[in-house]
Amino acid sequence: MNSQPLYQIDGRYLYYTFIAGAQRILQNQIEINKINVFPVNDKDTGTNLASTVRSIMENIQPDRSFTVTAEVIAEAALVGARGNSGVIFAQFFYGLSLETDDKHVLTFDEFAETVKKSVRYIYQAVANPVEGTMLTVMSDWADFLYSRKGIVTDFKQVFLESLVILKKSLLETKEKLKILKQLNLVDAGAKGFVVFIEGIIDLIRSRDIRNLIIEAPQIVTLIHSEETDNEHIEFRYCTEALIKNVKENQDTVQAVLKRYGDSAVVAGAAKTTRIHVHTNLPADLFNELKEFGTITSQKVDDMVRQNEVVKNRKWKIALVTDSTCDLPQEVLDHYQIHVVPLNLNFGENHYLDKVTITPDLFYDLLDSSSTFPRTSQINERDFTNLYSHLASHYDAVVSIHLTSQFSGTLQNSKNAADRIAREFNKPVHVFDSKNLSGALGLIVLRTAEAIENGASLNEILVSVDEWIHKAKVFVSVKTLKYMVKGGRVSKPKGFISGLLNIKPIVSMDEKGKSILIGKTFSQSSNISLVIKKIEAMQSEHKIWKYIVLHAHNMPGANEYTRQMVQLTGFEPLAVVDISPVIGMNAGIGATAISIMLT
């Protein structure tokens, strides 16, 4: 152990102590997950803290100035925070950055003063602060540091002494929260903070940053624990966002979050605000929040589906798709299908397809907004987090996505699948459906039924390739206005088509590219033309199932349904709104039919 006292710390020392604490969280995330029962028994506090600190580690560099380093840590924390505990953790560093004067180095007295003042920021961030949690332990630690101010000047001495206070405060969480006392557990978030400080103390003891630098790039494996209790989840979605340039004060934002659910946290300030809440209505919430500022990023975790994976998975093979898969929610729920949303942007405001923006809200914005929406692929990290979670509980994962011709989502999914397959030594298979919307939905449904019926993984892999070629979608476009806005059709062609009242019919070829298969001058003629094509197909192959889709055009959908029932003799699997990321180009009024041949 290094016996030299430590009288002051600069920005570089702050950076390395953060890395040391963060690495300790990464090493202990599984243990922290196991004890996570409050506020929701979803066993992910360790995962969320690990994801938060990893995001910070990847986005900061040391600076000689303590103030500058504190500011970059705080900014990275607010951007990368995940989960209730992650947002609280980020808010602590935000307070630290605000309460630090412009200084290159801090003495212990100055540091203790700063930490003490930082605690009030975390209490302000939480809508309903609960004692016996991470908040209490952070507060107790800050009080102890402050009590040594003016008495001790050596950081090392005080940090070593503070470990006793931290462990005592952590143990007392059992007595302060009823559920913790019943289960004889300490609070998971509080445990995470104690682990973080323990990592810092070890570095202060040794002052050896060489091993720290070598270990820093290690990969985080997001593993969830098998040990969980049955619990009713009142609010399904763990919802987070980063909002820039917020016009309302923190109390107003908190009040809105509380109306939509519980576990509300508002961290940061007007320039950069991080929000967290558990809610059943993420789309309605973000429709309201968009008036407060610019929503630059969002994350929504389905806690019901997460809970099913841990305690109530029906089968040994997990099934994943993306939000362009148009299936009813009850079907997705029955088969426990995991849906990863694509990103959708209206100007600077960011949304998650079908999760934080519903078809109704989307089409209202599509008509009223001066900005045409843009989509972006699902990033590799989202798939990595999901596949690692699934691989820790299932024997295999099958993931089926929209055509690679339209998005880089498939490649990101494959990259994540390869990584997780190596780490967990479990198969993760990714398919290009060469399709989208209802056709993708039928491929996914057929795969789900095969899993339910006990087909082997090899049987499923062979069959998916066959089903991909048997799925068809036909989209009848009512107006080319939206394709012109989106740049898929030139303005001159759009103008001429508008004058002639041309209604194109679009489908997908064998490679997953969109193709024009016909055009008429009315919607009824389009429907008749599509029905004739399906009738010709049916003469060679029976129709297994079909889905009718529309973009705010129920009359058109009803006409499709009527003619399809007459043709096939059975009702559609569903009549659903086309996914917003598909509907943005097809446009309001579009109708579609998706079929799967036997």
Quiz item: With each pseudo-label sitting 7 Å past Cα toward Cβ, what's the residue 312-residue 360 distance in nm, one decimal?
Solution: 2.7 nm
Practice problem: Calculate how steeply helix 134-147 sits against the longest principal axis of the alpha-carbon atoms of the chain, using the helix alpha-carbon long axis, and give the answer as 0 to 90 degrees to the nearest 10. | Solution: 30 degrees
Quiz item: What net charge do the residues around residue 65 carry, taking every other residue with its C-beta under 13 Å from that of residue 65, with Lys and Arg at +1 and Asp and Glu at -1?
Solution: -2
Quiz prompt | Within-11-Å neighbourhood charge of residue 471 [Cβ basis; K, R +1; D, E -1] | solution = +4
Exercise. Determine which residues of the stretch 391-424 fall in the zone a paramagnetic label at residue 456 would reach in this model, i.e. backbone nitrogen under 17 Å from the point 7 Å along Cα→Cβ.
Key: 395-397
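Expressed as a fraction of 2.2 N^0.38 Å, the rule-of-thumb size for a compact globular protein of N residues, what is the C-alpha radius of gyration of the chain?
Working: Rg = 26.9 Å, N = 598, 2.2 N^0.38 = 25.0 Å.
Working it through for the chain, the quotient is 1.08.
Please compute the length gained on full extension between residue 160 and residue 522, using 0.36 nm multiplied by the number of residues separating them and subtracting their Cα-Cα distance.
Going from the current span to full extension adds 122.4 nm.
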Practice problem: Pop the C-beta distance of residue 109 and residue 31 into the FRET formula with R0 = 35 Å and round what comes out to the nearest 0.05. | Solution: 0.50
Exercise. Would you list, by chain and number, the aspartates and glutamates whose Cα falls below 16 Å from the Cα of residue 244, excluding same-chain residues fewer than 8 positions away?
Key: 75, 288, 291, 348
Quiz item: Which value in nm describes the separation of the simple spin-label points at residue 262 and residue 598, placed 7 Å from the Cα toward the beta carbon?
Solution: 5.1 nm
Quiz item: With each pseudo-label sitting 7 Å past Cα toward Cβ, what's the residue 202-residue 291 distance in nm, one decimal?
Solution: 5.1 nm
Practice problem: Could you compute the FRET efficiency for residue 511 and residue 466, with r as their C-beta to C-beta distance and R0 at 22 Å, rounded to 0.05? | Solution: 0.85
Quiz item: Suppose R0 equals 25 Å; then what is the FRET efficiency for residue 101 and residue 7 from their Cβ-Cβ distance, rounded to the nearest 0.05?
Solution: 0.90
Quiz item: How long is the gain from residue 532 to residue 167 if the chain were fully straight, where each residue apart is worth 0.36 nm and the alpha carbon distance is subtracted?
Solution: 124.0 nm
Exercise. Provide the packing ranking of 429-435, 566-572, i.e. peptides ordered by the mean count of other C-beta atoms within 10 Å per residue, highest first.
Key: 429-435, 566-572
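Working out 0.36 nm times the residue gap between residue 130 and residue 542, then minus their Cα-Cα distance, what length gain in nm do you get to one decimal? Numbers along the way, then the final one.
Details: separation 412, 0.36 × 412 = 148.32 nm, distance 6.01 nm.
Once the chain is fully extended between residue 130 and residue 542, it gains 142.3 nm.
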Quiz item: Just from its helices, what would the mean residue ellipticity at 222 nm be for the chain, if runs of 4 or more DSSP H residues each count -39500 (n - 2.57) and the sum is divided by every residue, rounded to the nearest 500 deg cm²/dmol?
Solution: -16500 deg cm²/dmol
Quiz prompt | Kirkwood Rh, Cα atoms: Rg over Rh of the stretch 8-215 | solution = 0.94
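Computed from the coordinates by the stated procedures, all read-outs in this text should not be read as laboratory data. Small disclaimer: the values here were computed from a predicted structure and weren't measured. Glycine also receives a Cβ, built like all others from the backbone with ideal geometry; neighbour counts cover every protein chain displayed.
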